[in-house]
2 protein chains.
Amino acid sequence: MKFVYLDHAATTPVRPEVREAMLPFLGEECPGNPSSIHAAGRAARKALEDAREKIAGLLGTQPREIVFTSGGTESDNLAVLGAARAAAGLGKHVVMSAIEHHAVGHAGDQLKEEGFAVERLGVDAGGRVEPEELKKRLRPDTVLVSVMLANNEVGTLQPVEEISRIAHAGPGKTLVHTDAVQAAGKIPINVKALGVDLLSISAHKIYGPKGIGLLYVRKGVRLAPLLVGGDHEFGRRAGTENAAGIAGIAKALELAVAEMTSENQRISALRARLAEGLREHVPGVHLNQHATERLPHILSACFDGIEGEGIILHLDQEGISVASGSACTSTHREPSHVLAAMGVRAQLAVSATRYSLGRATTEDHIDRAIDATARAVQKLRQ
Amino acid sequence: MKFVYLDHAATTPVRPEVREAMLPFLGEECPGNPSSIHAAGRAARKALEDAREKIAGLLGTQPREIVFTSGGTESDNLAVLGAARAAAGLGKHVVMSAIEHHAVGHAGDQLKEEGFAVERLGVDAGGRVEPEELKKRLRPDTVLVSVMLANNEVGTLQPVEEISRIAHAGPGKTLVHTDAVQAAGKIPINVKALGVDLLSISAHKIYGPKGIGLLYVRKGVRLAPLLVGGDHEFGRRAGTENAAGIAGIAKALELAVAEMTSENQRISALRARLAEGLREHVPGVHLNQHATERLPHILSACFDGIEGEGIILHLDQEGISVASGSACTSTHREPSHVLAAMGVRAQLAVSATRYSLGRATTEDHIDRAIDATARAVQKLRQ
């Protein structure tokens with residue numbers, strides 16, 4: 001059976017070029033600890049700083065503002081928990097969207113337990129935050145606003161540039177964080193143009209390895225560290241640096257940015273073919289999407305009278321991998337908080353199926369997915 | 001110049017067998033997210049759980065008690081901060097040794113800021129904690145005791161079995177954590193025999209990759225998570241699992257345990273040769289060590305009338321990599337808190353040089369190190 005992997009928003013395979021970039025740090029070639037002062041340590045340090053510099057260039061910022069973490073979750077946690085805790089003396093009010101990834105959303109819950117007031121911004125039917133809504137919520141004690149650059153379940157892009165402007169013009173000393181885990185490599189990211197203070201990226205969503213991520217931290221932003229110990233990462237994150245992972249994320253981001261335009265064109269056409277095919281061949285399909293502001297590679301659909309898991313299991317039996325809400329929530333069955341915020345009724349939301357396209361995706365994959373979905377829906381409705 | 005790497009306590013190169021074990025997760029072979037329910041996800045999940053089972057077997061425990069983290073620092077932080085915070089309702093008293101790695105020691109500082117009383121246990125001239133000393137410190141509100149299994153700067157083994165027994169027999173509901181980052185792969189570890197509730201291991205000290213570690217968490221132990229988001233790692237640690245790293249740490253631990261006896265014998269003999277050689281060829285040398293209770297691969301020495309960095313730099317010029325206190329503190333120059341606790345006077349402690357041996361170490365390496373040290377000391381004293 002030839003597998004069709006349509007779950008690139010959950011994770012992506014490591015690209016050969018990325019693996020090549022990692023290999024020197026998975027052997028005798030560069031054995032040192034970047035914190036050691038001898039030759040082996042200095043070589044490891046140089047490789048680390050080269051990667052940091054490359055990434056800073058790609059994101060339009062300075063190396064000193066890039067902090068390596070163990071992944072998207074840690075980046076989001078460090079941003080939200082770290083910034084709010086460090087600013088608790090200034091105020092204890094935090095605003096985030098209602099459709100954040102749990103790495104942000106649950107960090108909000110944690111802040112609540114620590115005495116913060118955490119407000120969640122609603123979204124429209126297309127899954128987009130209304131910046132004017134934010135304006136009304138800002139208070140003198142608002143220390144943090146966190147709105148993702150693109151949603152991981154439905155792909156909707158958020159007006160982060162405007163959100164930054166509004167938050168920074170508000171009555172408080174408000175920092176802005178954006179979770180760019182799904183957006184990275186799909187839309188151009190310049191942290192200065194976005195105007196954010198904090199931005200999270202994960203490697204394994206952009207054909208890099210799992211276990212490595214980064215957080216852009218604007219110079220001057222105070223963060224309470226999550227991990228303490230050695231003086232790594234400018235004192236913002238203790239722990240021996242993941243040398244192979246760092247080489248990997250730098251290469252992965254470099255390639256993603258270089259190929260973005262051509263790859264987006266190709267993927268967008270495939271996504272359009274999928275959307276069209278589903279509409280044509282599956283009666284009672286509903287696409288959960290914004291009309292214009294969306295990522296090229298994610299398509300979320302609901303189906304009248306169907307439970308989501310049924311479709312996923314049927315497709316899986318044919319070797320086609322798709323997701324329900326998102327991989328991170330797939331092991332429990334709460335209805336998606338994203339679809340709920342978009343106003344999708346729970347009965348329909350349970351059928352949500354996310355197709356996420358990637359480098360390996362072909363027209364044939366799309367056609368097989370359409371065909372298999374149509375048959376699965378028909379069978380499940382009987 | 002042929003390099004002589006004598007800094008294995010700082011980090012070790014990844015073994016070829018470990019790299020081989022990781023490669024399937026750095027390519028197309030196993031592209032899934034372990035949290036996904038489709039075939040690709042299930043394959044990734046199976047590999048992850050196989051690794052967890054193997055490790056549990058090696059440590060004498062159950063898979064459910066192994067939590068993967070991003071490394072030794074996160075493991076130590078999760079243990080110390082997580083256990084203390086979760087138990088804050090029971091009491092706010094914590095005891096740790098004065099010679100812990102900063103990942104534990106600074107976590108203690110953090111707890112102090114959160115209102116905990118943190119006491120530090122002194123050590124004898126050999127660097128060993130006196131268990132009777134612990135008995136006197138235990139109180140009804142002591143929620144955590146943290147004493148490392150072996151020290152990273154001088155290699156002294158700690159009486160952790162006795163410490164566990166004493167702490168658990170104390171007047172409070174006290175949990176015991178041990179940082180086994182340096183001890184793992186060097187001395188046999190059975191968590192049940194040690195009697196600890198929490199135990200930290202890092203891969204990159206045992207010829208595994210950087211960026212992956214684990215924490216043994218006894219069933220029933222309550223931990224406040226450091227990272228929140230998805231329901232990974234039994235709810236103890238959110239974030240997509242580092243599939244390649246996990247395969248790597250399992251293989252690294254397996255090999256280290258399998259070769260422990262033979263390798264220890266070889267390394268101990270080399271360490272004896274080094275100690276003897278330094279004593280014979282370097283007047284005014286002081287070995288910072290315990291007479292009997294010590295790791296086979298670490299030798300720490302101080303030299304009358306010398307600044308430590310001088311020796312390290314001289315050796316580095318000859319291609320020999322050694323450390324001052326420890327890699328994690330090498331970028332700033334505070335005198336070692338470990339040597340201070342052992343009663344080494346500051347003037348002498350600044351000359352501390354740590355030689356740490358490993359798989360690549362040969363008699364020739366040892367002889368070159370002795371010779372180079374003797375010349376460096378002579379030069380620096382002139």
*asked:* Looking for something in contact (Cβ under 8 Å) with a residue 24 or more places away in the chain, more than 10 Å from every other protein chain (Cβ to nearest Cβ) and either within 29 Å of residue A:228 (Cβ to Cβ) or among the hydroxyl-bearing types (Ser, Thr, Tyr) (or both) - is there at least one such residue anywhere in the range A:67-76?
replied: yes
*Would you point out the residue of the range B:21-32, among those that are within 10 Å of chain A (Cβ to nearest Cβ) and at pLDDT 90 or above, that is nearest to residue A:19 (Cα to Cα)?*
B:26
*asked:* As an exercise: evaluate residue A:249 against (1) surrounded by 22 or more Cβ atoms within 10 Å (Cβ to Cβ); (2) assigned by TED's automatic domain parsing to the domain that holds residue A:374 and give the number of the one condition it does not meet.
replied: (2)
*Out of B:280, B:363, report the one residue that is modelled with pLDDT of 95 or more and farther than 21 Å from residue B:3 by Cβ.*
B:280
*Working carefully through the options A:248, A:239, A:230, find the one that is out of contact with any strand residue (DSSP E or B) (no Cβ under 6 Å at 6 or more places or on another chain) and on the phi > 0 side of the Ramachandran plot.*
A:239
_Between A:119, A:113, A:100, which is open to solvent by less than 10 Å² (accessible area, probe 1.4 Å), charged (D, E, K, R) and farther than 27 Å from residue B:12 by Cβ?_
A:100
*If the Cβ limit is 6 Å and pairs must be 6+ apart or interchain, which residue in the range A:211-228 that is farther than 11 Å from residue A:83 by Cβ and assigned by TED's automatic domain parsing to the domain that holds residue A:239 pairs with which residue that is hydroxyl-bearing (Ser, Thr, Tyr) and not in a loop (DSSP other than H, G, I, E, B)?*
A:213/A:69; A:213/A:75; A:213/A:202; A:227/B:73
*In the range A:25-36, what residues are open to solvent by 30 Å² or more (accessible area, probe 1.4 Å) and either touching a residue at least 60 places away in the same chain (Cβ under 8 Å) or among the hydroxyl-bearing types (Ser, Thr, Tyr) (or both)?*
A:25
*Please tell me if residue B:169 is open to solvent by 10 Å² or more (accessible area, probe 1.4 Å), farther than 28 Å from residue B:17 by Cβ, hydrophobic (A, V, I, L, M, F, W, C) and more than 14 Å from chain A (Cβ to nearest Cβ).*
yes
*asked:* With the structure loaded, tell me whether residue A:39 is within 10 Å of chain B (Cβ to nearest Cβ) and either open to solvent by less than 10 Å² (accessible area, probe 1.4 Å) or within 19 Å of residue A:235 (Cα to Cα) (or both) or whether it fails that test.
replied: no
*Among the residues of the range A:321-335, is any under 22 Å from residue A:205 (Cα atoms), within 14 Å of chain B (Cβ to nearest Cβ) and at pLDDT 95 or above?*
yes
_Looking at the structure I just gave you, is residue B:136 in contact with a Phe, Trp or Tyr (Cβ under 8 Å, 6 or more places away or on another chain), open to solvent by 20 Å² or more (accessible area, probe 1.4 Å) and either within 14 Å of another protein chain (Cβ to nearest Cβ) or of a type in the set (Lys, Arg) (or both)?_
no
*Taking the condition under 20 Å from residue A:267 (Cα atoms) and either small (Gly, Ala, Ser) or at pLDDT 95 or above (or both), does residue A:140 pass?*
no
*From the residues in the range B:209-235 that are within 13 Å of another protein chain (Cβ to nearest Cβ) and open to solvent by 20 Å² or more (accessible area, probe 1.4 Å), which one is modelled with the lowest pLDDT?*
B:231
*Keeping to the range B:88-97, report how many residues are buried (at least 24 other Cβ atoms within 10 Å of the Cβ) and of a type outside the set (Ser, Thr, Tyr).*
3
*Give just the number: which of (1) within 25 Å of residue A:369 (Cβ to Cβ); (2) surrounded by fewer than 23 Cβ atoms within 10 Å (Cβ to Cβ) does residue A:11 not satisfy?*
(2)
*Considering only residues of the range A:1-20 that are facing another protein chain (nearest Cβ under 9 Å) and among the basic types (Lys, Arg), which is nearest to the chain's Cα centre (by Cα)?*
A:15
*asked:* Just to verify a result, which residue in the range A:14-24, among those that are farther than 26 Å from residue A:198 by Cα and part of a helix (DSSP H, G or I), is least open to solvent (accessible area, probe 1.4 Å)?
replied: A:22
*How many residues does the range B:294-311 contain that are surrounded by fewer than 20 Cβ atoms within 10 Å (Cβ to Cβ), in contact with a helix residue (DSSP H, G or I) (Cβ under 9 Å, 6 or more places away or on another chain) and in a helix (DSSP H, G or I)?*
1
*Could you say whether any residue in the range A:72-85 is over 20 Å from the mean Cα position of the chain (by Cα), over 22 Å from residue B:207 (Cβ atoms), open to solvent by 10 Å² or more (accessible area, probe 1.4 Å) and in the same structural domain as residue A:179 (by TED's automatic domain parsing)?*
yes
*Quick check: anything in the range A:181-204 within 28 Å of residue A:15 (Cβ to Cβ), in contact with a Cys (Cβ under 9 Å, 6 or more places away or on another chain) and in the same structural domain as residue A:83 (by TED's automatic domain parsing)?*
no
*May I ask you to list pairs of residues, at least six apart or on different chains, whose Cβ atoms are under 9 Å apart, with the first in the range B:250-271 being in contact (Cβ under 8 Å) with a residue 40 or more places away in the chain and the second being hydroxyl-bearing (Ser, Thr, Tyr) and surrounded by fewer than 20 Cβ atoms within 10 Å (Cβ to Cβ)?*
B:270/B:362
*Members of the range A:172-194 found to be surrounded by 19 or more Cβ atoms within 10 Å (Cβ to Cβ) and more than 23 Å from residue A:356 (Cα to Cα), listed by number*: A:172, A:174, A:175, A:176, A:177, A:191, A:194
*Pairs, please: C-beta under 9 Å, at least 6 apart or cross-chain, first residue more than 16 Å from residue A:171 (Cα to Cα) and in the range A:77-104, second among the polar types (S, T, N, Q) and surrounded by fewer than 24 Cβ atoms within 10 Å (Cβ to Cβ)?*
A:77/A:110; A:80/A:110; A:81/A:110; A:102/A:329
*In the range B:267-293, which residue that is out of contact with any Leu (no Cβ under 6 Å at 6 or more places or on another chain) and either within 30 Å of residue B:52 (Cα to Cα) or among the hydroxyl-bearing types (Ser, Thr, Tyr) (or both) is most open to solvent (accessible area, probe 1.4 Å)?*
B:292
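The values are calculated or read from the model by the stated rules, or taken from the named source; none is laboratory data. Keep in mind that this is a model prediction, so the values were computed, not measured. Note that we place each Cβ from the backbone using ideal geometry, even for glycine, and neighbour counts take in every protein chain shown. These area figures cover heavy atoms from the full protein model, side chains too; ligands, DNA and RNA do not enter into them. Shrake-Rupley method; radii C 1.70, N 1.55, O 1.52, S 1.80 Å.
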